[in-house]
1. Nearest 10 degrees is fine. How inclined is helix 89-113 to the longest principal axis of the chain, computing both from alpha carbons?
2. Between residue 8 and residue 92, with labels modelled 7 Å along Cα→Cβ, what's the label distance in nm to one decimal, could you check?
3. Would you mind checking the tilt of helix 32-44 against the longest principal axis of the Cα atoms of the chain, expressed as 0 to 90 degrees and rounded to 10?
4. Nothing charged except the Cβ atoms of Lys and Arg (+1) and of Asp and Glu (-1): what's the magnitude of the dipole of the chain about its Cα centre? Round to the nearest 20 debye.
5. Identify which of the listed values of log10 I(q)/I(0) by the Debye sum over Cα atoms at q = 0.10, 0.19, 0.22 Å⁻¹ was calculated from the structure shown: (i) -0.43, -1.01, -1.20; (ii) -0.26, -1.08, -1.54; (iii) -0.30, -1.03, -1.31.
6. For helix 5-14, what angle does its Cα long axis make with the longest principal axis of the chain, in degrees from 0 to 90 and rounded to 10?
7. Report relative contact order for the chain in percent, whole number only (criteria: Cα-Cα under 8 Å, sequence separation at least 6).
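Just so you know, all these numbers are worked out from the coordinates, no wet-lab data involved. Computed from a prediction, not measured in an experiment: that's the story for all the values here. Note that we place each Cβ from the backbone using ideal geometry, even for glycine, and neighbour counts take in every protein chain shown.
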Amino acid sequence: MKNISNYLKFIREKGRPVSEINPGSDEIALAVDDALQAIELLKDNQTAILGGDILSEDENGKLMYAIHLWGYDYHYLNWYCDRIDNESEDDYLKRSYNIAKEGIINASKTAERFNKKCYIVFVTE
């Protein structure tokens, strides 16, 4: 049985609740550095990252989905990682972490171009 309590504690301490903009949501948005640390906690627990959504802040510091600030041309920054037929669990886990890191780095670079903060919401298994 997987124990993700360290991950859950980490995101609660470091993250911002998405319920700020999506009432009732239990998702938590993490800053880039915290999201990269969270990947390591998910690795320790062998929990796959199924995808991620990118958020940013408006001029008042309110969380918003990045595509609403930066434009729908940037929808590709949100990512997902489905398991491939005949892919081993171990290979899938590794690929999900690599895709997550790549997605975070791409989103962070885009945020820098807009001089905006970048937040990541993970979807996990």
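1. Taking Cα atoms only, the helix is inclined about 10 degrees.
2. 2.2 nm
3. 10 degrees
4. Taking the Cα centre of the chain as origin, the dipole is about 300 debye.
5. Correct label, based on the coordinates given: (iii).
6. 10 degrees
7. Details: 185 pairs, mean separation 41.1, N = 125.
Relative contact order of the chain: 33 percent.
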